[in-house]
Amino acid sequence: MTDRWSNEAVIDLTQESLRAANTRLQSQNGTSEGAQFRVLNPGGAHALACGLDSPVRVEIDGHAGYFCAGMNKRAIVEINGNAGQGVAENMMSGTVRVRGDASQSAGANGNAAARCGISLKGADIVVKGNVGHMSMFMAQAGRLVVLGDAGDALGDSIYEARMYVRGSVEGLGADCAEKPLDAEHRRELEELLGIAGCEGVDSTGFKRYGSSRQLYNFKVENVGQY
C-alpha cells in the first residue's frame, strides 16, 4: 500500500504485543501533536487503538476485533478492513472510518449490523451500506446517514438525534417518525456526505427521521410503548 501519511511510525502486531502497541499509541495522550502510526497485521485484535486523547492518526491495515477505537477523543482512526462489535464505543470526538463492514456498531463504508448508533451522544455516523434492526436506539444527539436500507425499529425511543436514510426502512421504533427534509437539512446532509467522501451522492432520495416527542413525559395512554 502506498503511504498516505508521511513520517509515520509502524506497529507490527506480529512483532509486539497488543498491550505494547496501545501503550505506544496512548503515549501521545494530552498532547497537541499529530503523530502518525500504521498498524500492520492486526489479526482481529480486540480493543485496539482504544482510549486515545490526542490528534494522533492511526491507520490499521487489516481487520480489527471488538471495541476498536473505543473511547476515542480527537484521534483519526482508519480501519482498512472489517471491525467487530462496539467499534468507536463511547466516542467523544475525532474520526473513526471503517472501510469494510462493522458488526453491531457504527461508522462503516460497508454495512453495519444491529443497533448502529445505539445511545449516540453527539457523534456523526455515515454508513455507505445498510444498517440492522434497532439502529439509533435511544440516541440522544448526533446524526446517522444511511445510503442503503435500515432494518426494523429504526430510532426506537430516540431523543434529539437525526437520521437520514436513502433506501427503504423496514419499520420505525417507538416515538420515531418521518420528518420534513427542508433546505437546512439538505445542506446538513450534503455536508456529512462530503466529509465521508461520498463522491457523486447528494441529498436526492433521502428521507429524514427523528423523534415525535410523545414519550418525553410519562402519559398513561402510552404505557405500552415505554
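All of the numbers you see were taken from the coordinates with simple rules; none came from a lab. Worth saying up front: this structure is predicted, and the values here are computed from it rather than measured. Positions of Cβ are backbone-derived with ideal geometry, glycine not excepted, and every protein chain shown enters the neighbour counts.
Before moving on, here are some points about what is shown:
- Residues with amide H under 5 Å from that of residue 96, placed H, sequence gap 5 or more: 77
- Residue among 128, 179, 73 with the largest mean-square fluctuation in a Gaussian network model of the chain, springs linking Cα atoms under 10 Å: 179
- Extension gain, residue 46 to residue 207, is 54.4 nm, computed as 0.36 nm per intervening residue step minus the present C-alpha separation.
- Approximate spin-label separation residue 27-residue 121, in nm, with each point projected 7 Å along Cα-to-Cβ: 3.0 nm
- Amide H contacts under 5 Å for residue 38: 9, 10, 11, 59, restricted to partners 5 or more places along the chain or on a different chain, H placed in the peptide plane at 1.01 Å from N.
- Counting only Cβ charges, +1 for Lys and Arg and -1 for Asp and Glu, the dipole size of the chain around its Cα centre is about 260 debye.
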